[in-house]
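Have a look at the structure below, then the notes.
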Amino acid sequence: MASSTFFKLAVGATFTLPGYPAKEDGTSVIYTKLDATRARDEFGRVWSFSPSLAIGAQGFSGASPAVPTNTGTGTGTGTGTGTRGPVGPAGQTGATGAAGAASTLVATSNTTNTIGTGSLSFTFSSDATNLGWLPGSLVQVAAQSDVTQWMEGQVTAISTTSVTINVTSTNGSGTYSAWNLFLAGTPGPTGATGATGATGATGPGVPTGGTAGQVLEKIDSTDYNTQWTTPAAGGADVLQVQVFS
């Protein structure tokens, strides 16, 4: 388009300039007329037009003049939205932290106590810092000299130096002064009744035969080796036992 044609266009009209450098894809740059002598291309650059000169890009603006002091006030509101940017890449994995203190599984105590139910206290003789017990924890206390002698109950008070347990179940008896203390598992529910077993073989029962007044008598020490006999007349009383099979 000749430069003279520019002046015939209405403000706001768009146009191209054949022969001027095109975009990378080969298409012409699109311009929009701003006023009588200027136009803006699609990249935001402003160009000036003269009837006798070729167009040229508008130079950079000079420094802004000093802004006079203004004592007035004003308010304004505005809203705007923008497209959310893409999610950034994941950051690098941080350094591995220091290992925590190991948990203490078993505590010991030299407190003298007698096996029985009720509230009992034990002073720890070992480090109990990392036991992890809480009020309500189920704990078993077993004699070190005989682990079959034990007490079990819930913790009612706990510190780094001692523990108080409400003992509700025991096994064995006696008084001891060396104990192992450790967490106990909660008893599970009662299991279902098992199936009825097969009927056993019929036992030998009472041998057949015999008459009224006779009694069953062992012949020798062999199991079930018996016979019917008639008690001697006038003899000692004989206890008669009737066996049901």
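Things to note:
- Electrostatic tally near ASN171: other residues with Cβ closer than 12 Å to its Cβ, Lys and Arg +1, Asp and Glu -1, net -2.
- The peptide list 140-150, 180-190, 166-176, put in order of mean Cβ contacts within 10 Å with the highest first, becomes 140-150, 166-176, 180-190.
- Spatially proximal lysines relative to LYS8 (Cα-Cα < 22 Å; intrachain offsets below 8 disregarded): LYS33
Here, each number is a calculation from the coordinates, and none is a lab measurement. Remember, it's a predicted structure, so these values are computed and weren't measured experimentally. We place every Cβ from the backbone using ideal geometry, glycine too, and count neighbours over all the protein chains shown.
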